[in-house]
Structure formats: structure tokens, C-alpha cells
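The values are calculated or read from the model by the stated rules, or taken from the named source; none is laboratory data. What you see is a predicted model, and the numbers here were worked out from it, not measured in a lab. Positions of Cβ are generated from backbone atoms using ideal geometry, with glycine treated the same way; all protein chains shown enter the neighbour counts. Side chains included, ligands, DNA and RNA excluded: accessible areas come from the protein's heavy atoms. Shrake-Rupley method; radii C 1.70, N 1.55, O 1.52, S 1.80 Å.
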Amino acid sequence: MPDGTVKQVGPLTGTRVWTVPGRAGRPIDVPPAAPRRLARGEEHRLCGFCADRQLETTPEKARLVGPDFTELRRVPAAELGDTVAEFRRFGNLFEIVSAEYWRENHGFRQPASVFEWARAYLSDPVGRAHIERLAAIRAQASGEATSIEEAALDLLGGSHDVVVARRHVVDGAETDDQLVSSGALTPGEHAAYMAFTVRSLAEIQSAQPHAAYVAVFQNWLRPAGASFEHLHKQLVAIDESGPQVDRELRMLASDRRLYQHEIADLAVAERLVVAANDGAVAFAGIGHRYPAFEVFSTSAANLPQQHSDAGIRAVSDLVHALHAATGVHVPTNEEWHYRPPGAPWPMPWRVVLKWRISTPAGFEGGTKVYVNTIDPWELRRRAVAALAQLRAEGRLADGIRIGDECDAADARLRYADDGDDDE
């Protein structure tokens with residue numbers, strides 16, 4: 001507009017967004033006003049996801065240990081302290097979609113392997129005490145008690161998992177504001193975190209036959225919806241794809257190259273390409289309620305688990321770079337989007353990273369027009385400058401091209417080249 005107001009419409013969502021001049025200059029990386037000094041050893045017990053409080057979570061499904069991130073499965077409760085878990089996977093104690101939901105609405109019954117795991121877990125006194133404590137917490141919250149055997153099955157065989165990083169704060173932290181975000185990980189650590197999540201996604205899809213989709217997301221800091229300010233992702237099986245996926249599938253019916261035409265080509269034309277490598281590309285997103293980056297895999301694969309190790313690493317490296325450019329104290333949501341296994345049309349794997357730096361209020365509620373304080377061009381400018389600095393400091397993975405180093409070929413999406421074939 002002549003006064004500098006930018007009006008946007010989300011190509012995939014239809015969301016209407018305005019950016020008004022003069023509102024973009026507010027600081028977004030705001031550390032706590034009064035950080036608290038940590039007592040000796042407190043860094044390992046700050047929240048229920050911390051290393052010294054592992055029995056406060058549900059039984060562990062898997063963990064990664066050592067410099068090579070070796071995966072250990074179903075570690076018994078009595079052995080949780082025998083190794084140091086760089087990343088852990090376990091069920092959410094308070095699921096969004098519960099085991100009871102799948103049992104009562106879909107007739108789902110746990111497989112024999114979960115029955116055997118539950119029996120073994122309960123046969124150990126430490127494991128049995130663990131299940132009893134968790135069952136009591138659930139019973140107090142719901143007002144309904146269950147048998148210890150049923151509680152064990154639900155806790156071990158649920159379809160809402162959490163993947164948690166080891167550190168709440170940096171090693172050697174002196175105050176509680178020295179948090180470890182995705183961007184504070186090394187590129188290698190983040191790659192292990194991402195690949196572990198991809199494997200977890202595939203396992204949940206395989207284990208829950210009634211699931212149409214598994215939502216994967218990360219809430220960082222409380223303004224973005226995090227219960228604990230400890231780095232973690234969540235995976236939730238649901239029995240429908242959701243209205244946004246349904247909308248995109250309707251659009252794909254008339255344009256199989258929808259994401260190329262409506263997202264990638266527009267980003268190239270408007271100079272909104274932020275970064276790229278040989279397997280992924282990042283754009284400053286258009287038409288989001290919050291400043292948002294979109295990282296697209298450029299592979300022919302669709303589902304995350306269909307990607308090669310190199311393809312997953314390419315997406316991970318760009319997501320990590322953008323988290324690092326964002327900063328530790330910016331509330332963010334990370335959302336994964338991909339083709340539902342039963343969908344008829346190809347869809348690319350993309351990860352959207354949103355800066356939760358404003359709160360929709362009465363104006364947005366009344367008009368359904370959202371005020372985003374940073375327009376896509378300013379978002380790109382900030383990200384490119386931050387990424388260049390991070391690369392100079394040696395904090396990014398190798399092979400990332402930034403800003404004008406990218407060209408139109410970097411934004412070519414291949415998700416529809418081979419239909420549903422794997423990479």
C-alpha cells in the first residue's frame with residue numbers, strides 16, 4: 001500500500017495478514033528480566049524432562065547414547081541411570097489422543113509385544129513402583145482408577161510420544177536462562193534429533209493402524225505452548241488428516257505442482273529465498289499469522305521416513321540453521337507437514353518455523369485479519385544477516401547457501417516427479 005502497509009494472503013490457507021509500518025522494530029529476543037542463579041547440580045533437575053527426574057516420565061521407548069547416538073530400546077526403569085541419554089523417547093503422560101480413545105472408538109487392542117513389555121516391566125520392583133506412581137497421578141487427574149496392568153498397557157502402548165533432548169540448560173550453566181534450544185545444538189546433534197523423530201514417526205504410524213496422520217510439532221518456550229522449557233518434540237497420532245491437509249488435497253486435485261507454483265516460484269520471484277543446500281530450501285513465508293520460515297525438502301520422496309539419510313540431514317541442517325538464527329529466547333512453533341500415507345496426490349515434506357512474538361486479540365478475532373509485525377522481506381533480511389554471521393562463527397553445517405548465493409534451481413521441488421516412489 002502507498003503508506004507501506006503490506007497485505008498478504010496465504011497461498012495454501014487463504015489467511016489474510018497485514019504488516020503495518022513501524023511495528024517491526026520491537027525486540028523479539030527478550031531474555032528473562034531476572035535470571036536465577038542455579039545451585040550445584042540443579043541443572044539436571046529443573047523440570048520433569050531433566051536427567052535426574054527420569055522416573056517422572058512414562059516408560060522409555062528408546063534413547064540415543066554416546067557420540068555415535070547409538071539407539072537403545074525399552075531400557076528398564078532400574079537401568080535408566082546406567083547410560084547418558086542424549087535424546088529420549090517416551091509416551092506423553094497426558095495424551096492429546098489417549099489409548100482409551102483408540103480402544104473405545106476404534107476397537108484397537110495392544111499387540112503381543114506391548115503385553116510382553118508390560119509384563120516384564122511390572123515384574124521388576126522398580127518398574128512396578130514406577131507404573132504405580134504414574135497411574136496414581138493419572139487417576140487423580142481423571143478421577144478414575146484402573147488396574148495396574150491396564151495402566152501399564154496404556155502407558156507403554158500409547159500413540160502420543162515425546163522426544164526429549166538431554167540438556168535443559170547448557171553444560172556448565174550458572175543461571176536458569178542459559179537454555180538449550182534447537183539452535184543451541186550442534187548441527188550433528190540436531191541431525192540425530194531429527195532422524196530419531198523421523199524413526200519415531202514411522203513407528204507410530206506402523207503401530208497404530210487406525211491413525212490417518214501423525215502430527216509432529218515442537219513448542220519452544222511457554223508463550224508458544226510449551227509446558228516445560230526443555231527442548232522436546234511431540235508426535236500425536238490422529239484419526240483424520242485435519243482441515244488444512246484436506247484443503248491442500250483439494251487444491252492438488254487441479255494442480256499437482258501446487259507447492260512449486262504457489263510457494264517456491266513466488267518466493268523466487270519475490271526474492272524470499274533465505275537459504276538452500278543440496279536437499280532442501282528455505283523461504284520466508286507469505287500469509288502466516290506470525291513471522292514464519294518454510295523449509296521444503298527438494299527430494300522426490302514425500303513422507304519423512306521415505307527420505308534417505310542424506311535427505312533427512314539436508315532438511316535438518318536448514319531447520320537447525322533457522323533455529324540458530326532465531327535465537328534461544330524467541331518463542332517458536334515448529335510444525336511438520338507431509339503427505340498422509342493414504343492421500344491420493346504427492347505432497348512434499350516441509351517444516352514451518354513460526355516466531356510466536358505477538359498475541360492475536362480482539363482485532364484478529366473480529367475481522368479474521370491477522371497483524372504480523374514483520375513482513376516476509378524484512379524476515380528474509382534478518383535471517384540472511386544472522387545466517388551469514390553464524391556461518392562465519394562456524395556454527396552452521398557445511399554446504400548451506402545463503403540469500404543471493406541461491407538461485408532458481410535451488411527452489412525446484414521434486415516431490416511430484418516420481419509419484420509415490422521412494423527416493
Discussion item. Nearest 500 deg cm²/dmol is fine: what mean residue ellipticity at 222 nm does the chain get from its DSSP H runs of n ≥ 4 alone, each adding -39,500 (n - 2.57), divided by its residue count?
Written reply: -9000 deg cm²/dmol
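I need the peptides 218-226, 73-81, 314-322 ranked by packing, meaning the mean over residues of other C-beta atoms within 10 angstrom, with the highest value on top.
On the way: 218-226: 18.7, 73-81: 15.1, 314-322: 26.6.
The packing order, highest mean first, is 314-322, 218-226, 73-81.
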Item to complete: Starting at the first residue of segment 40-48, write each ³J(HN,Hα) from the Karplus equation 6.51 cos²θ - 1.76 cosθ + 1.60 with θ = phi - 60°, in whole Hz, x for Gly and Pro.
Response: 4, x, 5, 4, 9, 9, 6, 8, x
Worksheet item: For segment 150-226, what does the equivalent ellipsoid look like in terms of its semi-axes, each the square root of 5 times an eigenvalue of the Cα gyration tensor, given largest first in whole Å?
Response: 28, 15, 12
Worksheet item: What angle do you read, to the nearest 10 degrees and between 0 and 90, between the alpha-carbon axis of helix 309-326 and the longest principal axis of the chain?
Response: 70 degrees
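Determine the gain in length on full extension of the stretch ARG256-ASP177; use 0.36 nm per residue of separation and subtract their C-alpha separation, reporting nm with one decimal. Mind dumping the intermediate values first?
Details: separation 79, 0.36 × 79 = 28.44 nm, distance 4.60 nm.
Gain on extension, ARG256 to ASP177, equals 23.8 nm.
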Worksheet item: Against the longest alpha carbon principal axis of the chain, how many degrees, from 0 to 90 and to the nearest 10, is the axis of helix 112-123 turned?
Response: 60 degrees
Worksheet, complete the sentence: For HIS106, placing the label point 7 angstrom along Cα-to-beta-carbon and taking segment 138-181, residues whose amide nitrogen sits under 14 Å are 157-161
Worksheet item: Which angle between 0 and 90 degrees, to the nearest 10, do you get for helix 187-207 versus the longest principal axis of the chain when only C-alpha atoms count?
Response: 60 degrees
Practice prompt. Distance between Cα centroids, segment 356-388 to segment 27-90: provide it in whole Å.
Written response: 33 Å
Worksheet entry | Fully extended contour minus Cα-Cα distance, from THR186 to ALA129, at 0.36 nm per residue | 16.8 nm
Item to complete: Measure out, as a whole number of angstrom, how far apart the alpha-carbon centroids of segment 313-342 and segment 154-182 sit.
Response: 17 Å
Item to complete: Would you mind pulling out the separation of the Cα centroids of segment 196-232 and segment 98-126, in Å?
Response: 20 Å
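Is the shape of segment 191-345 best called rounded, prolate or oblate, per the rule: a/c under 1.5 gives rounded, else a/b larger than b/c gives prolate, else oblate, with a ≥ b ≥ c the square roots of the Cα gyration tensor eigenvalues?
On the way: a/c = 1.36, a/b = 1.01, b/c = 1.35.
Rounded, since a/c falls under 1.5.
Taking all protein chains in place and a 1.4 Å probe, what share, in percent, of the accessible surface of the chain do carbon and sulfur account for? Walk me through the intermediate numbers first.
Details: 9440 of 18330 Å².
The nonpolar share, carbon plus sulfur, comes to 52 percent.
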Item to complete: Compute the length gained on full extension between THR367 and THR83: take 0.36 nm times their separation in residues and subtract their Cα-Cα distance, giving the result in nm to one decimal.
Response: 96.9 nm
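Once you list every other residue whose beta carbon is under 13 Å from the beta carbon of GLU174, what net charge do they have if Lys and Arg are +1 and Asp and Glu are -1? Mind showing how you got there, number by number?
Numbers: positive: ARG36, ARG37, ARG40; negative: GLU42, GLU43, ASP171, ASP176, ASP177.
Summing Lys/Arg as +1 and Asp/Glu as -1 gives -2.
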Worksheet, complete the sentence: Per GNM of the chain with C-alpha springs under 10 angstrom, the most fluctuating residue out of THR367, THR326, THR15 is THR367
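Provide the per residue accessible area, probe 1.4 Å, for the chain, rounded to a whole number of square angstrom. Don't skip to the answer; put the middle values down first.
On the way: 18330 Å² over 423 residues.
Computed with neighbouring chains in place, this is 43 Å² per residue.
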Worksheet item: Which of the pairs LYS61/LYS354; LYS233/LYS354; LYS7/LYS368 have their Cα atoms more than 24 Å apart in this structure?
Response: LYS61/LYS354
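Just need the relative contact order of the chain here, percent rounded to a whole number, with Cα pairs under 8 Å and 6+ apart. If you can, show how the numbers build up before the last one.
Values: 801 pairs, mean separation 80.5, N = 423.
About 19 percent, as a whole number.
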Practice prompt. Could you check how many percent of all C-alpha pairs in the chain are farther apart than 32 Å?
Written response: 39 percent
